[in-house]
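Laboratory data are not the source of any read-out in this text; all were calculated from the coordinates shown. The shown structure was predicted, so the numbers you read here are calculated from the model rather than taken from an experiment. Don't worry about glycine lacking a Cβ; one is built from the backbone with ideal geometry, like all the others, and counts go over all protein chains shown.
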Amino acid sequence: MFKDSGLPVVLVLAAGGGLRFLAAAAGRGHKLEQAFGDSTVLGATLAQVRRSGLPLLLVTVPALRAAVPTWVADEDIVTLPAVGDLRSAQPLGMGYSIATGVTHRPHARGWLVLPGDMPLVQPDTLQAVAQAMPHHLVVYAQHRGRRGHPVGFGTEMYSELAQLAGDDGARRLLARFPSQGVEVPDPGVLLDIDTGDDLAALRQAQAERQGQQADAVAAEDLPQR
């Protein structure tokens, strides 16, 4: 049962087919199952949400349940019908995933939408967007003026979000309603995975970030003169 924490819920979307990645990397499996650090792409994205301290709800499909870390509670996972199921003759689309997530957490204090293939979005970024949400209908993270994810929706947007369907996601809502960007020093808000080259680039960026963090820790440990 969902307990009201007084915080918005992060909806992690992991129900897409990832067809561009599958077409470009035949035999490698779904992009969300690919190794990333000491986890998978999906596992790394979920770990960032966990570090933010915000509640999460994962919207996924049966084929990807194995990529979900064991620490994610069953009550925080919504499994959509698989493509080919009698209830789903075709992909249901990002809009349907968002609507499903929102209607499973109708009493949340808003919803942050985060695609599951964005493992470099930082916990501080999620918090920055969440903190801006009480003041705006729609809030999104941006880096150097470019709009990215997550996108946060206030509680007043429930009815609009619950009616989404198809593959347009929430883009039409961003066009219809006033929205506010939150500038963050986080290029990860712009980085997702559509191809094998994208995955390689994110792995490289992750390695560089970890190297910078290790250097910073080492510098702090140096004796002061």
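Worth a mention:
- Euclidean distance between Cα centres, segment 92-151 to segment 158-172, Å: 13 Å
- Among Ile77, Ile193, the ranking by other beta carbons within 10 Å of each residue's beta carbon, starting with the fewest, stands as Ile77, Ile193.
- Placing unit charges on the Cβ atoms of the charged side chains and taking the dipole of the chain about its Cα centre, the candidate lying farthest along the positive direction among Val151, Ala14, Gln48 is Val151.
- Over the chain, relative contact order from alpha-carbon pairs under 8 Å, at least 6 apart, %: 24 percent
- Fewest neighbouring Cβ atoms within 10 Å first, the residues Phe21, Phe177 line up as Phe177, Phe21.
- Residue exposure proxy: Met157, Met94, ordered by other Cβ atoms within 10 angstrom of their Cβ from fewest to most, comes out as Met157, Met94.
- Fraction of antiparallel bridges per DSSP, segment 9-221 only, in percent to nearest 5: 40 percent
- Length-normalised contact order for segment 21-153 - Cα pairs under 8 Å, 6+ apart - percent: 23 percent
- Shape class of segment 80-205 from the alpha-carbon gyration tensor: oblate, with a/c at 1.5 or above and b/c at least as large as a/b.
- Reported label for calculated Rg and Dmax of the Cα atoms in Å given (i) 21.0, 61; (ii) 17.7, 71; (iii) 23.2, 89: (ii)
- Between Gly110, Gly101, Gly93, the GNM of the chain built on Cα springs shorter than 10 angstrom shows Gly93 fluctuating the most.
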